[in-house]
Amino acid sequence: MMTTMVSSAKSFWKNEEGLGTLEMILIIAVLIAVVLVFREEIVKVVKDLISTAGEKSQDVFE
């Protein structure tokens, strides 16, 4: 009985089926951390892009 438990524990430890999910969760966590750290800079760049797009669209319609 003990050897069965040990062998099942070893096979569970070596199982890599959920590895892809873990990698995706870690990548998403890193991306969220980067966005939180550089939030102000990202907002500034997006506002500048929207402003530039608005100016360019006004030039087209004039």
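No value in this document is a laboratory result; all are computed from the given coordinates. Bear in mind that the values here come from a model prediction, so they are computed numbers and not experimental data. Using ideal geometry, Cβ is built from the backbone for each residue, glycine included, and neighbour counts are taken over all protein chains shown.
Take the Cβ atoms of residue 44 and residue 21, set R0 to 30 Å, and the FRET efficiency comes out at 0.30.
Computed from the Cα positions only, the extents of the chain along the three principal axes stand at 84, 24, 10 Å, in decreasing order. With a simple spin-label model that places each label point 7 Å from the Cα along the Cα-to-Cβ direction, the separation between residue 36 and residue 57 comes to 3.4 nm. Helical content alone sets the calculated 222 nm signal of the chain at -30000 deg cm²/dmol, taking -39,500 (n - 2.57) per DSSP H segment of four or more residues and averaging over every residue.
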